[in-house]
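What follows is a short report on a single structure.
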């Protein structure tokens with residue numbers, strides 16, 4: 001591609017502020033990288049490229065995400081199993097937190113307080129209040 005390069009020369013002292021413009025017609029490449037030169041054999045080989053099939057891979061590799069390729073046949077089962085494991089861990093943490101929660105000041109009787117339904121100390125306090 002032939003491009004025009006404009007060179008602007010200002011007066012070195014800057015007194016006149018006149019620009020002298022010269023046009024330089026050269027073959028400038030617009031890409032910052034050097035352009036490759038291909039032979040006819042290389043061009044025909046590039047035209048026949050298409051990625052091909054799957055590469056041979058070790059069959060013993062396994063991971064929760066499905067192994068070597070990212071779309072295993074049993075991805076739904078893997079997702080369900082790990083979802084149940086995560087839910088069980090979250091439930092266990094919830095239960096331990098509710099058992100260990102301690103309040104020095106109890107919530108008011110008619111106030112909305114969600115942990116009133118699962119915190120052991122507040123449940124016992126509410127039962128004692130109803131008994132009085």
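Look at residue 72 and say whether it is in a loop (DSSP other than H, G, I, E, B), modelled with pLDDT under 70, more than 30 Å from residue 118 (Cβ to Cβ) and in contact with a helix residue (DSSP H, G or I) (Cβ under 6 Å, 6 or more places away or on another chain). Steps first, answer last, please.
Working: in a loop (DSSP other than H, G, I, E, B): yes; modelled with pLDDT under 70: yes; more than 30 Å from residue 118 (Cβ to Cβ): yes; in contact with a helix residue (DSSP H, G or I) (Cβ under 6 Å, 6 or more places away or on another chain): no.
Against the criterion (in a loop (DSSP other than H, G, I, E, B), modelled with pLDDT under 70, more than 30 Å from residue 118 (Cβ to Cβ) and in contact with a helix residue (DSSP H, G or I) (Cβ under 6 Å, 6 or more places away or on another chain)), residue 72 does not qualify.
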Next on the checklist: Can you say whether residue 50 is exposed (fewer than 10 other Cβ atoms within 10 Å of the Cβ), in a loop (DSSP other than H, G, I, E, B), modelled with pLDDT under 65 and within 34 Å of the chain's Cα centre (by Cα), as far as the supplied structure shows?
Outcome noted: no
Item to check | Residues satisfying the stated conditions in the stretch 95-115, i.e. surrounded by 10 or more Cβ atoms within 10 Å (Cβ to Cβ) and in contact (Cβ under 8 Å) with a residue 12 or more places away in the chain | outcome: 98, 99, 101, 103, 106, 107, 109, 115
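The values are calculated or read from the model by the stated rules, or taken from the named source; none is laboratory data. What you see is a predicted model; the values in this text were computed from it and never measured. No Cβ is skipped: glycine too gets one built from the backbone with ideal geometry, and neighbour counts run over all protein chains shown.
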